[in-house]
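Chemist: Sharing a structure with you now.
The values are calculated or read from the model by the stated rules, or taken from the named source; none is laboratory data. For clarity, every value in this text was computed on a predicted model and none was experimentally measured. Here the Cβ positions follow ideal geometry from the backbone for every residue, glycine too, while neighbour counts run over all protein chains shown. We work out accessible area using only protein heavy atoms, side chains counted, and drop any ligands, DNA or RNA first. Shrake-Rupley method; radii C 1.70, N 1.55, O 1.52, S 1.80 Å.
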Amino acid sequence: VQLQAFGGGLVQAGGSLRLSCAFSGRTFSRYAMAWFRQAPGKEREFVGAVSRSGDSTKYADSVKGRFTISRDNAKNTVHLQMNSLKPEDTAVYYCAVGLEYGNGLRPEDFGSWGQGTLVTVSS
């Protein structure tokens with residue numbers, strides 16, 4: 001599986017940004033997808049996940065109500081819409097893939113990460 005996240009950049013606090021992740025190498029619809037992030041000097045943390053069909057999502061408390069994950073199985077792409085951004089959202093964002101035909105949306109259900117994209121939120 002190959003994953004490539006893109007769409008990061010510099011945004012002011014309160015602004016919005018939309019990240020995308022391109023998936024290739026396998027049948028996309030067989031895998032739940034997730035987003036993680038890693039801030040400077042901190043461990044990687046779970047942001048949220050979406051089921052194989054896209055009808056179920058799960059979010060970290062820190063982003064609930066501000067971030068939305070969606071997927072387009074026809075285009076092999078998963079998105080992360082980030083609204084009301086805060087400086088503490090500054091991090092490298094990674095997409096990740098779960099097990100083939102897996103249904104879990106917990107952080108531990110995801111184990112393969114692609115290249116990340118940097119999001120910087122200025123105050």
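Chemist: According to a simple spin-label model (label point 7 Å from Cα along Cα-to-Cβ), what is the distance in nm between Glu45 and Ser84?
Modeler: The answer from the label model is 1.6 nm.
Chemist: Translational diffusion coefficient, Stokes-Einstein: compute it for the range 49-123 using the Kirkwood radius over C-alpha pairs as Rh, at 20 °C and 1.002 mPa s, and state it as an integer in µm² s⁻¹.
Modeler: Values: Rh = 13.4 Å.
Roughly 159 µm²/s, to the nearest whole number.
Chemist: While we're looking at this one, here's another question. With a 1.4 Å probe and all protein chains left in place, how much of the accessible area of the chain comes from carbon and sulfur atoms, in whole percent? Please report the intermediate quantities before stating the final value.
Modeler: Working: 2880 of 6300 Å².
That share works out to 46 percent.
Chemist: Place a point 7 Å from the Cα of Asn76 along the Cα-to-Cβ direction; which residues of the range 1-15 have their backbone N under 11 Å from it?
Modeler: 1-4
Chemist: Oh, and also: Among Val119, Val1, Asn76, whose Cα sits farthest toward the positive end of the charge dipole of the chain (+1 at Cβ of Lys/Arg, -1 at Cβ of Asp/Glu, about the Cα centre)?
Modeler: Checked the options; the winner is Asn76.
Chemist: Using a Gaussian network model of the chain whose springs link C-alpha atoms within less than 10 Å, name the residue from Val97, Val78, Val11 with the highest mean-square fluctuation.
Modeler: Val11
Chemist: Test of understanding: what is the full-extension gain from Ser16 to Val1, defined as 0.36 nm times their sequence separation minus their Cα-Cα distance?
Modeler: Values: separation 15, 0.36 × 15 = 5.40 nm, distance 2.89 nm.
Value of the extension gain: 2.5 nm.
Chemist: Here is a follow-up. Rg(Cα) of the range 1-76 divided by 2.2 N^0.38 Å? Display every interim value, and only then the final one.
Modeler: Details: Rg = 13.2 Å, N = 76, 2.2 N^0.38 = 11.4 Å.
It is 1.16.
Chemist: May I ask for the distance between the Cα centers of the range 65-84 and the range 19-63, given as a whole number of Å?
Modeler: Going from one Cα centre to the other spans 9 Å.
Chemist: Cut-off under 15 Å on the C-alpha distance; same-chain residues fewer than 8 positions from Lys86 excluded. Which aspartates and glutamates are left, in chain and number order?
Modeler: Lys86 reaches Asp61.
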